[in-house]
Every structure is written in structure tokens, then in C-alpha cells.
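Only one structure is covered here, and it is reproduced in the block below.
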Amino acid sequence: LGRLTSLTLLSVEDSPNQLVGTIPDEYAGLTKLENFEVRNNKLNGPIPTFIGLWTKLEILYMPGNDFTGGIPTEVGLLTRLTSLILGLNPNLG
């Protein structure tokens with residue numbers, strides 16, 4: 001997916017083919033993303049700081065996973081962000 005540099009929407013929600021593990025580093029190149037939705041998967045680990053490179057992002061929707069740590073300060077670079085939903089991540093502090 002990291003090669004799809006024109007991608008504006010990535011949505012994997014409530015799928016029987018759940019995403020598992022961390023968000024891959026190759027996603028850093030998805031700089032045209034406007035909407036990133038990964039609800040109710042099995043993603044874990046820290047939310048990657050490269051999300052700050054997604055400066056066109058308007059919706060960041062990642063509830064129902066198992067992210068750890070905190071919300072990276074790089075999220076503050078997302079000046080177009082209108083929705084940030086991270087609930088139901090019990091280890092996100």
C-alpha cells in the first residue's frame with residue numbers, strides 16, 4: 001500500500017481480514033491521504049510519528065485497536081484535521 005502515493009482514502013473497518021500489528025513504516029509515503037479509517041482491527045504499538053507527514057488528512061479514525069503510548073505531538077501538524085477518534089484503545093494514554 002505504501003506505493004499508492006495518490007491514495008486519498010484508506011479504510012479497513014470491521015473486516016474479517018483485520019489488520020494486525022503496527023502501522024507499517026511504508027505508509028509514511030501516503031502523503032495525499034485525506035481519510036484514514038482503521039476501526040476495530042488488531043493494530044498495536046505506538047501511533048507512528050510519520051502521521052504528521054499526512055498534512056492533507058481531515059479524518060483520523062482509529063478506535064477499537066490496541067495502540068499504546070500517547071498521541072504523538074506530530075498530530076498537531078495536521079492543520080486540516082476535522083475528526084480525530086481514538087477511543088476504545090485501552091492502552092493509549
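The values are calculated or read from the model by the stated rules, or taken from the named source; none is laboratory data. A quick note: this is a predicted structure, and the numbers were derived from the prediction, not measured. Cβ sites come from the backbone with ideal geometry, for glycine too, and all protein chains shown count toward neighbours. Just the protein is used for accessible areas: all its heavy atoms, side chains included, with ligands, DNA and RNA removed. Shrake-Rupley method; radii C 1.70, N 1.55, O 1.52, S 1.80 Å.
Summed over the stretch 7-35, the residues that are among the polar types (S, T, N, Q) and in contact with a strand residue (DSSP E or B) (Cβ under 9 Å, 6 or more places away or on another chain) give a count of 5. Hey, residue 37 hits all of (1) open to solvent by 30 Å² or more (accessible area, probe 1.4 Å); (2) more than 10 Å from the chain's Cα centre (by Cα) but one; which does it fall short on? Answer for residue 37: the failing condition is (2). Only a single item in (1) out of contact with any Phe, Trp or Tyr (no Cβ under 9 Å at 6 or more places or on another chain); (2) open to solvent by less than 20 Å² (accessible area, probe 1.4 Å) is not met by residue 23, and it is number (1).
Residues that are open to solvent by 10 Å² or more (accessible area, probe 1.4 Å) and not hydroxyl-bearing (Ser, Thr, Tyr) within the stretch 53-62 comprise 53, 56, 58, 59, listed in sequence order. If the condition is being open to solvent by 30 Å² or more (accessible area, probe 1.4 Å) and closer than 23 Å to residue 17 by Cβ, then the stretch 69-89 contributes 85, 87, 88.
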